[in-house]
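Below: one structure, written as structure tokens.
The values are calculated or read from the model by the stated rules, or taken from the named source; none is laboratory data. All figures in this text were calculated on a predicted structure; none of them were measured in a lab. Because the Cβ atoms are built from the backbone with ideal geometry, glycine has one as well, and the counts that use them run over all protein chains shown. Calculation scope for accessible area: heavy atoms of the full protein, side chains included, ligands and nucleic acids excluded. Shrake-Rupley method; radii C 1.70, N 1.55, O 1.52, S 1.80 Å.
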Amino acid sequence: MTNCISVWCGGCTAADWKCLQRVVRTAEKIIGTSLPSILDIGRKRCLTRANNIIRDSTHPHHGLFSLLNSGRRFRSVRSRTARFCNSFIPQAIRLLNSQ
């Protein structure tokens, strides 16, 4: 379920997250221990993947993660559609800038 969460989590609605969290709560009851939130897992994996892209200068998406003049925040990618706005790259940049 969490294998490709960093890719598909941007397109999830609140209702989708609620359904996924219900599955996690059911798994908690079955195994008898607490698990991290599916949203926390998604954010953590998205940040990890973005940091790997930033470190690898040969990655095709490396150029999309450019720093602003301040050197602290990343330049946001312009998007015309909500579908692209909710995809991995813009979401990863928002998460990196919110740290």
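Points worth noting:
Residues are listed down the side, and each one gets a yes or a no for (1) out of contact with any His (no Cβ under 9 Å at 6 or more places or on another chain); (2) loosely packed, with under 10 Cβ neighbours inside 10 Å; (3) outside any loop (DSSP other than H, G, I, E, B):
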site	(1), (2), (3)
VAL24	yes, no, yes
ASP40	yes, no, yes
LYS44	yes, no, yes
GLY71	yes, yes, no
VAL77	yes, no, no
ARG80	yes, yes, no
ARG83	yes, no, yes
ILE93	yes, no, yes
GLN99	yes, yes, no
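- Of the residues making up the stretch 52-69, those that are more than 16 Å from ILE5 (Cβ to Cβ), of a type in the set (S, T, N, Q) and open to solvent by 50 Å² or more (accessible area, probe 1.4 Å) number 3.
- Filtered residue count, the stretch 49-63, keeping only those that are under 15 Å from PHE74 (Cα atoms) and in a loop (DSSP other than H, G, I, E, B): 1
- Options ILE54, ILE31: the member that is in contact with a His (Cβ under 8 Å, 6 or more places away or on another chain) and not acidic (Asp, Glu): ILE54
- For beta carbons closer than 7 Å, sequence separation of 6+ or different chains, a first residue in the stretch 59-80 that is within 16 Å of LEU95 (Cα to Cα) and a second that is of a type in the set (Ser, Thr, Tyr) and loosely packed, with under 13 Cβ neighbours inside 10 Å, the qualifying pairs are PHE74/SER66; ARG75/SER66.
- Test for ILE89: is it surrounded by 14 or more Cβ atoms within 10 Å (Cβ to Cβ), modelled with pLDDT under 80 and not polar (S, T, N, Q): no
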